[in-house]
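What follows is calculated from the coordinates using simple rules that are stated; it is not laboratory data. Predicted model, so just to flag it, every value in this text is computed and none were measured. Glycine gets a Cβ as well: all are built from the backbone with ideal geometry, and neighbour counts include every protein chain shown.
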Amino acid sequence: MSFYINAVSAVSRFFGLIAMVLTGSAALVVTHMVIVRYFLGGSTVWQTEYVIYALVAATFLGSPYVLLNKGHVNVDLLQLRAGPVPRRIMQTLSALAGIAFCALLAWSGWIYFHEAWSYGWRTSTVWAIPLWIPLLPLPVGVGLMVLQYIAEIMKIHGGAR
């Protein structure tokens, strides 16, 4: 149990780092876009699309790290007032609901990614990158959320902290 929790936590931290790099790169690209467009009078073709895809990817890939660190929005008024056993039950039910939602989203995201990969879909912009690239972070990030929720349930029920 402890090995699973540690392994999933390490992967979540790794993807949290990737999300940080994507966010930082998006900030740099926005800066580049502003300089090229407004100060140099040049055209920007790929920058807006990159920033959108990078920030969406950072959101999906970084969400397991946020769950690991209890950073998601949480209404825990009842949990704080409940005793230890009802609190564990509520936390488990909440995590199971999260697993159900994330598993469904990861599955549907995987189907969409697979179609884009199989049929060679591209974005309909000037940049025209393969569509599977911006679609891949959805099933990967949300699939890892499922694994992180399972680790959180293990922690609730006596796993390593």
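Only one of these is among the β-branched types (V, I, T), assigned to a helix (DSSP H, G or I) and over 30 Å from K155 (Cα atoms): T48, T44, T59. Name it.
Among T48, T44, T59, only T48 is among the β-branched types (V, I, T), assigned to a helix (DSSP H, G or I) and over 30 Å from K155 (Cα atoms).
Which one of V30, V36 is of a type outside the set (S, T, Y), surrounded by 14 or more Cβ atoms within 10 Å (Cβ to Cβ), assigned to a helix (DSSP H, G or I) and without any contact (Cβ under 8 Å) to a residue 12 or more places away in the chain?
Just a single option satisfies the conditions, and that option is V36.
Any residue in segment 102-109 that is at positive phi and without any contact (Cβ under 8 Å) to a residue 40 or more places away in the chain?
No, the conditions are met nowhere in segment 102-109.
Please state which of the following conditions A116 fails to meet, knowing it meets all the rest: (1) surrounded by 13 or more Cβ atoms within 10 Å (Cβ to Cβ); (2) within 23 Å of M154 (Cβ to Cβ); (3) of a type in the set (A, V, I, L, M).
With respect to (1) surrounded by 13 or more Cβ atoms within 10 Å (Cβ to Cβ); (2) within 23 Å of M154 (Cβ to Cβ); (3) of a type in the set (A, V, I, L, M), A116 is out only on (2).
Identify all residues within segment 123-149 that are β-branched (V, I, T) and under 16 Å from the mean Cα position of the chain (by Cα); write none if there are none.
I133, V140, V142, V146
Is it the case, given these coordinates, that T23 is among the β-branched types (V, I, T) and either in contact with a Pro (Cβ under 9 Å, 6 or more places away or on another chain) or surrounded by fewer than 12 Cβ atoms within 10 Å (Cβ to Cβ) (or both)?
Answer is no for this residue.
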